[in-house]
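K.L.:
Next up is a structure, given as structure tokens.
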Amino acid sequence: MASPNRIPEIRKDTVNNRWVIFSPARSRRPSDFKSKSNPINPTSQPECPFCIGHEHECAPEIFRVPATGSDWRIRVIQNLYPALSRDLESSGELAGRPGGGSVSLSGFGFHDVVIESPVHAVHLPDLDPVEIGDVFMAYKKRIEQLQCHDSIQYVQIFKNHGASAGASMSHSHSQMIALPVVPPTVSTRLDSMKEYFGQTGKCSLCEIRFDALLIDESIHFISISPFAATFPFEIWIIPRYHSSHFHELDGVKAIDLGRLLKLTLRKMNVQLNSPPFNFMIQSPPLQVSPTQLPYTHWFLQIVPQLSVVGGFEMGTGCYINPVFPEDAAKLLREVSISS
């Protein structure tokens, strides 16, 4: 439960270089913070194009795990409705537009779907750590393939779970979008981490003090509620030891990450009534210089959909969070999960 003496506080997110207002008066007790959405009922749609046996209904396959045979566990396919076109040639040059200095670039890029299970009723927390680790290794393999394209500068891995989180299919899946540009939020994060490194000589994520923010930990990772969490019950899973890019992940660490992600999602489901959520793997651009490696550090961000973004947030880029991260971390830390 939140302290009755909590007063509003403004905190600086030194990783993403933004301010967050914590305003506990705008919510009930953190222990009462539950999703109002109806949890996904996977049996309501027993089969869909992502199910085994329906492969012909999907866009072309890129690869599957295992690599051959009809009994696949993971499929990576092209998105049937891609945001970008893999068929366009990208010059990698911005073109000017008359009036106001507007610029444009051809809509070249890759938009892929990672089908995480062949069975419609199985969701990510239902998989065992090895199976979740295999999903992470599929991400890694696809990133390594995309690195072969000189025009691709950044790959965003993300998962939308639930209709209000942006998922159009209830079958468990995630997506990858490869861009010929570096998004502004990624550049801002890189610059912010560079500034911290310049002031301290240390990586900002390696230096996180997580005593009251810790949720759980494993051999290679920690899960925390970040000090300046943008959203209520936002969670970061961070490598314990410095790791610049997600695709540096190996098989052992992938299983360990799978174990911690499974535990984290199960705790979130218990405490928050199985909310819709998004997760994003936040990694730096594919090509960074050797001097940038000491302060670039990837992490996995989980955002349960418990609030809406309003005009103040849109207008200022400054968010209002009704739940202090220390309270969120304590509630999630204390959730008991049977093995």
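K.L.:
Tell me, what is the FRET efficiency for T291 and E9 to the nearest 0.05, using R0 = 35 angstrom and their Cβ-Cβ distance as r? Intermediate values should be presented prior to the final figure.
P.N.:
On the way: r = 35 Å, r/R0 = 1.00.
Plugging the Cβ-Cβ distance into 1/(1 + (r/R0)^6) gives 0.50.
K.L.:
Continuing with the same structure: Give the residue from H220, Y196, Q305 lying farthest towards the positive end of the charge dipole for the stretch 182-339; charges sit on Cβ (+1 for Lys and Arg, -1 for Asp and Glu) and the dipole is referred to the Cα centre.
P.N.:
So the residue we want is H220.
K.L.:
Return the Cα extents of the chain along principal axes one, two and three, sorted largest first, each rounded to a whole Å.
P.N.:
58, 52, 40
K.L.:
When the dipole is taken about the Cα centre of the chain, and only Lys, Arg (+1) and Asp, Glu (-1) are charged at their Cβ, what size is it in debye, to the nearest 20? Show your work: numbers first, answer last.
P.N.:
Working: 30 positive and 33 negative charges, 199 e Å.
The dipole of the chain has a size of about 960 debye.
K.L.:
With a cut-off of 8 Å between alpha carbons and a minimum separation of six or more residues, what is the relative contact order of the stretch 69-210 in percent?
P.N.:
Details: 181 pairs, mean separation 33.4, N = 142.
Contact order relative to length: 24 percent.
K.L.:
Take Y241, Y196 and sort them by solvent-accessible surface of the protein heavy atoms, 1.4 Å probe, largest at the top. Please list the in-between numbers first.
P.N.:
On the way: Y241 145, Y196 60 Å².
Per-residue accessible area, sorted high to low, gives Y241, Y196.
K.L.:
Something else about it: Might you report the magnitude of the Cβ-based charge dipole of the stretch 47-200 about its Cα centre, with Lys and Arg at +1 and Asp and Glu at -1, to the nearest 20 debye?
P.N.:
Working: 11 positive and 18 negative charges, 80 e Å.
Taking the Cα centre of the stretch 47-200 as origin, the dipole is about 380 debye.
K.L.:
As a test of the formula, what do you get for the chain when each DSSP H run with n ≥ 4 contributes -39,500 (n - 2.57) and the sum is divided by the residue count, at 222 nm and rounded to the nearest 500 deg cm²/dmol? Could the numbers behind the result be given before it?
P.N.:
Numbers: 5 runs with 72 residues, N = 339.
Rounded to the nearest 500, the figure is -7000 deg cm²/dmol.
K.L.:
Given springs between every Cα pair under 10 Å in a Gaussian network model of the chain, which of F197, F312, F231 has the largest fluctuation?
P.N.:
Greatest mean-square fluctuation among the candidates belongs to F312.
K.L.:
Express in nm, to one decimal, how much length is gained between C148 and L88 on full extension, taking 0.36 nm for each residue of separation and deducting their alpha carbon distance. Walk me through the intermediate numbers first.
P.N.:
On the way: separation 60, 0.36 × 60 = 21.60 nm, distance 1.59 nm.
That works out to 20.0 nm of additional length.
K.L.:
Here's a follow-up. So for the chain, averaging the separation of alpha carbon pairs under 8 Å that are six or more residues apart and normalising by length, what relative contact order in percent results? If you can, show how the numbers build up before the last one.
P.N.:
On the way: 680 pairs, mean separation 79.8, N = 339.
Across the chain, relative contact order equals 24 percent.
K.L.:
Hey, with R₀ at 25 Å, roughly what FRET efficiency would E61 and D250 work out to, going by the Cβ-Cβ distance, to 0.05?
P.N.:
Values: r = 25 Å, r/R0 = 1.01.
After rounding to 0.05, the efficiency reads 0.50.
K.L.:
Additional query: Given a 1.4 Å probe and heavy atoms of the protein chains only, how would you sort S244, S338, largest accessible area at the top?
P.N.:
Working: S244 5, S338 85 Å².
These residues rank, largest area first, as S338, S244.
K.L.:
Now a separate question. Could you check which residue among Q147, Q156, Q282 shows the biggest mean-square fluctuation in a GNM of the chain with a 10 Å Cα cutoff?
P.N.:
Highest fluctuation of the listed residues: Q147.
K.L.:
Something else about it: Quick check on the chain: of the DSSP beta bridges with both residues there, what percent are antiparallel, nearest 5%? Walk me through the numbers on the way to the answer.
P.N.:
Working: 47 of 51 bridges.
Of all bridge pairs located within the chain, approximately 90 percent are antiparallel.
K.L.:
Please identify the helices of the chain, taking whole runs of DSSP H, that span at least 20 Å along their own axis as judged from the Cα atoms and have a mean Kyte-Doolittle score of -1.0 or higher. Please report the intermediate quantities before stating the final value.
P.N.:
Working: long enough: 129-146 (26 Å, -0.11); 184-200 (24 Å, -0.78); 251-272 (31 Å, 0.30).
Counting only whole DSSP H runs, the qualifying helices are 129-146, 184-200, 251-272.
K.L.:
Oh, and also: Could you check which residue among I224, I177, I132 shows the biggest mean-square fluctuation in a GNM of the chain with a 10 Å Cα cutoff?
P.N.:
Sorting by GNM fluctuation, first place goes to I177.
K.L.:
Now for a separate question. Can you list, by residue number, the Cys in the chain that have no neighbouring cysteine C-beta under 4.7 Å?
P.N.:
C48, C51, C58, C148, C318
The values are calculated or read from the model by the stated rules, or taken from the named source; none is laboratory data. What you see is a predicted model; the values in this text were computed from it and never measured. Neighbour counts are summed over all protein chains in view; Cβ atoms, including those assigned to glycine, are modelled from backbone coordinates with ideal geometry. Ligands, DNA and RNA are excluded from the accessible area calculation, which covers all protein heavy atoms including side chains. Shrake-Rupley method; radii C 1.70, N 1.55, O 1.52, S 1.80 Å.
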